[in-house]
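Peer 1: Here you go, one structure.
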Amino acid sequence: MIRTISILFLCCFAIISCKKKEYQLGADVINPSSILGGTSVDTFSLYTYSITEDSVISDNPANVVLGSYEDPIFGNYEASIFTQLRLAGVDPNFGDPDLIVIDSFILALEYEGYYGDLDPQVFEVYELEEDLSLDSTYYSFSTLNHSSTNLVPFDNATITPNTSSPTIVDGDSLAPQLRIHLDTNLARSLILEATSGSSTFSGNDEFLEFFKGLHIKTNNIMQAPGEGAALYLDINDPSSKATIYFRQDGEPTSYDLLMNSDCADFTKVSIDQTGTNVEEVLVDSTAGQSTYYAQAFGARAAMSIPGLLNLPENIVIHRADLSLPIQFQTGYKYQPGSNVSVATRVDSLSQGLINVGIIGVYNAVEKSFDINIRDYVQSIVNKDLPLTELMVSPLYFINSAERIVFNGSNTINKLKPKLTITYTSY
């Protein structure tokens, strides 16, 4: 699973929150006797659909995503990484480069988790020809120019990820890593540059002018439905780096190029939903009344609840329990995350979203997301917020591949989305 210390930026708004017990928000101001004597309403009509999210900011997340899988419902998902590398130390002493024997050049990326199946994938790495910048904003559709030369030797390109077994490096047991072999000719060119008398290795600014970074991707042409995975990688961990292993005067040694929080990076994601039911709902919102969808980087589940405007103005909302049942079989590889986030629009004409401070919790017994929207409903009653659509998304929207299939209001399945509000008048 992705680390909960993640600071997540959803497309056009930020969430900075902590998980609370269900219904805890506002519990200290609610008189239990008032709840018992309140009015409950559960006859609201919910209009369910999905919207495409096409401007997802994806730079410098808590973890990046790499890999592809063929989802039998959502279509093809493919993620790649653009990242800088930085010097572990300035002005390295490589001595006489003619006496150096390069054994290998390894790009190590520490696993955080994965989504899908750990089938073999074909990895490719390219040298960037365009600058990355921490001051720039990058989206999931962004790209940068890079060399056409694949730096991964053919014999080392196919890797079966192993996210559970320790990685042994020089006798040390490390957390599981994806280790990609790079062309040793690149390592040789870096050493020759360092020993040429230039200032390239005198500081990171100088180095980034010479070596702008890497584009890391997969090339999985023949994946069948259900094959492949999106890998979650912590490239800010000290173990994530590119290491030249070589012998200097016969003595084995190494030199690191680092990936850390000082490096600019972003994830590029391509989702091909052509011919899927997801595409149908995104094109025709009325189709979402049967089934609707949410997917990290791609789509948000949405619902309109016009009946909220019919609530009396002189009421105090005690509970507003939104239950969103999903279609999921226990043990299925494409499982929902533990939480979803909820947002709304500033107004009906705005494309931007605002966080309403709500986290939904997955109920594994009922197979639904339970969401307390009490404060949101009270804001509608008080006219503090306009009534627009609610958006529900995987909590890790910019650093995962999670997806959710929701039962719509007209589903043929037993459980339908439902809102129950308990209030008292004053």
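The values are calculated or read from the model by the stated rules, or taken from the named source; none is laboratory data. This is a predicted model, so every value here is computed, not measured. Using ideal geometry, Cβ is built from the backbone for each residue, glycine included, and neighbour counts are taken over all protein chains shown. Just the protein is used for accessible areas: all its heavy atoms, side chains included, with ligands, DNA and RNA removed. Shrake-Rupley method; radii C 1.70, N 1.55, O 1.52, S 1.80 Å.
Peer 1: Please give the number of the condition ILE35 fails out of (1) modelled with pLDDT under 85; (2) out of contact with any strand residue (DSSP E or B) (no Cβ under 9 Å at 6 or more places or on another chain); (3) among the aliphatic types (A, V, I, L, M).
Peer 2: (2)
Peer 1: For VAL90, state whether it is touching a helix residue (DSSP H, G or I) at 6+ places or on another chain (Cβ under 9 Å), of a type in the set (Val, Ile, Thr) and within 19 Å of ASP262 (Cα to Cα).
Peer 2: For VAL90, the condition - touching a helix residue (DSSP H, G or I) at 6+ places or on another chain (Cβ under 9 Å), of a type in the set (Val, Ile, Thr) and within 19 Å of ASP262 (Cα to Cα) - is met.
Peer 1: Now for a different question. Mind counting the residues in region 308-329 that are within 15 Å of ILE421 (Cβ to Cβ), buried (at least 20 other Cβ atoms within 10 Å of the Cβ) and among the aliphatic types (A, V, I, L, M)?
Peer 2: 3
Peer 1: Which of the numbered conditions does THR195 fail, given that it passes all the others? Conditions: (1) closer than 21 Å to PHE266 by Cβ; (2) touching a helix residue (DSSP H, G or I) at 6+ places or on another chain (Cβ under 8 Å).
Peer 2: Exception for THR195: condition (1).
Peer 1: Can you confirm whether ARG188 is in contact with a strand residue (DSSP E or B) (Cβ under 9 Å, 6 or more places away or on another chain), open to solvent by 50 Å² or more (accessible area, probe 1.4 Å), touching a residue at least 40 places away in the same chain (Cβ under 8 Å) and assigned to a helix (DSSP H, G or I)? Steps first, answer last, please.
Peer 2: Working: in contact with a strand residue (DSSP E or B) (Cβ under 9 Å, 6 or more places away or on another chain): yes; open to solvent by 50 Å² or more (accessible area, probe 1.4 Å): yes; touching a residue at least 40 places away in the same chain (Cβ under 8 Å): yes; assigned to a helix (DSSP H, G or I): yes.
Yes.
Peer 1: Among the listed residues SER393, SER368, SER409, which satisfies the condition of being small (Gly, Ala, Ser), surrounded by fewer than 22 Cβ atoms within 10 Å (Cβ to Cβ) and modelled with pLDDT of 95 or more? If you could, list the steps in order and put the result at the bottom.
Peer 2: Working: SER393 fails: surrounded by fewer than 22 Cβ atoms within 10 Å (Cβ to Cβ); SER368 fails: surrounded by fewer than 22 Cβ atoms within 10 Å (Cβ to Cβ).
Going through SER393, SER368, SER409 in turn, just one is small (Gly, Ala, Ser), surrounded by fewer than 22 Cβ atoms within 10 Å (Cβ to Cβ) and modelled with pLDDT of 95 or more: SER409.
Peer 1: Which one of GLU112, GLU130 is charged (D, E, K, R) and part of a strand (DSSP E or B)? Show your work before the answer.
Peer 2: Numbers: GLU130 fails: part of a strand (DSSP E or B).
That would be GLU112, the only listed residue that is charged (D, E, K, R) and part of a strand (DSSP E or B).
Peer 1: Listed residues VAL346, VAL342; which is touching a strand residue (DSSP E or B) at 6+ places or on another chain (Cβ under 9 Å) and within 21 Å of GLY408 (Cβ to Cβ)?
Peer 2: On the way: VAL346 fails: within 21 Å of GLY408 (Cβ to Cβ).
The unique qualifying residue is VAL342.
Peer 1: Between PHE123, PHE141, which is in contact (Cβ under 8 Å) with a residue 24 or more places away in the chain, closer than 29 Å to ARG403 by Cβ, among the hydrophobic types (A, V, I, L, M, F, W, C) and surrounded by 14 or more Cβ atoms within 10 Å (Cβ to Cβ)? Steps first, please.
Peer 2: Working: PHE141 fails: surrounded by 14 or more Cβ atoms within 10 Å (Cβ to Cβ).
Being in contact (Cβ under 8 Å) with a residue 24 or more places away in the chain, closer than 29 Å to ARG403 by Cβ, among the hydrophobic types (A, V, I, L, M, F, W, C) and surrounded by 14 or more Cβ atoms within 10 Å (Cβ to Cβ) holds for just one of PHE123, PHE141, which is PHE123.
Peer 1: Across region 191-210, what is the number of residues that are without any contact (Cβ under 8 Å) to a residue 12 or more places away in the chain, assigned to a helix (DSSP H, G or I) and not charged (D, E, K, R)?
Peer 2: 1
Peer 1: I'm checking my understanding of the structure. Among residues of region 379-390 that are touching a Phe, Trp or Tyr at 6+ places or on another chain (Cβ under 9 Å) and farther than 16 Å from TYR293 by Cα, which one is most open to solvent (accessible area, probe 1.4 Å)? Steps first, answer last, please.
Peer 2: So in region 379-390, the residues touching a Phe, Trp or Tyr at 6+ places or on another chain (Cβ under 9 Å) come out as 381, 385, 389-390.
Now drop any that are not farther than 16 Å from TYR293 by Cα, which leaves 381, 385.
Working: VAL381: 11, LEU385: 45 Å².
Filtering first and then ranking leaves LEU385.
Peer 1: Within region 56-73, count every residue that is assigned to a loop (DSSP other than H, G, I, E, B), open to solvent by 10 Å² or more (accessible area, probe 1.4 Å) and under 16 Å from ILE271 (Cα atoms).
Peer 2: Selection size over region 56-73: 2.
Peer 1: Can you list residue pairs whose Cβ atoms sit under 6 Å apart, with the first residue in region 313-325 being closer than 16 Å to ASP370 by Cβ and in contact (Cβ under 8 Å) with a residue 40 or more places away in the chain and the second being open to solvent by 60 Å² or more (accessible area, probe 1.4 Å) and aliphatic (A, V, I, L, M)? Count only pairs 6 or more apart in sequence or on different chains.
Peer 2: Partner pairs satisfying both residue conditions: PRO325/LEU415.
Peer 1: Strands (runs of 3 or more DSSP E) wholly in region 306-416 with at least 1 residues that are touching a helix residue (DSSP H, G or I) at 6+ places or on another chain (Cβ under 8 Å) - which ones?
Peer 2: Values: elements: 315-325, 339-345, 353-363, 368-372, 390-394, 403-407.
Ranges flagged: 315-325, 339-345, 353-363, 390-394.
Peer 1: Answer yes if at least one residue in region 289-307 is more than 23 Å from GLY226 (Cα to Cα), hydrophobic (A, V, I, L, M, F, W, C) and surrounded by fewer than 19 Cβ atoms within 10 Å (Cβ to Cβ), and no otherwise.
Peer 2: Looking for residues that are more than 23 Å from GLY226 (Cα to Cα), hydrophobic (A, V, I, L, M, F, W, C) and surrounded by fewer than 19 Cβ atoms within 10 Å (Cβ to Cβ), one finds none in region 289-307, hence no.
Peer 1: In region 87-111, how many residues are under 15 Å from LYS241 (Cα atoms) and open to solvent by less than 50 Å² (accessible area, probe 1.4 Å)?
Peer 2: Restricting attention to region 87-111, the residues satisfying the condition of being under 15 Å from LYS241 (Cα atoms) are 87-89, 104-111.
Now restrict to residues that are open to solvent by less than 50 Å² (accessible area, probe 1.4 Å): 87, 89, 104-111.
Residues meeting the conditions: 10.
Peer 1: Among (1) under 21 Å from the mean Cα position of the chain (by Cα); (2) surrounded by fewer than 19 Cβ atoms within 10 Å (Cβ to Cβ), there is one condition LEU353 misses while meeting the rest; what is its number?
Peer 2: So the condition that LEU353 fails would be (2).
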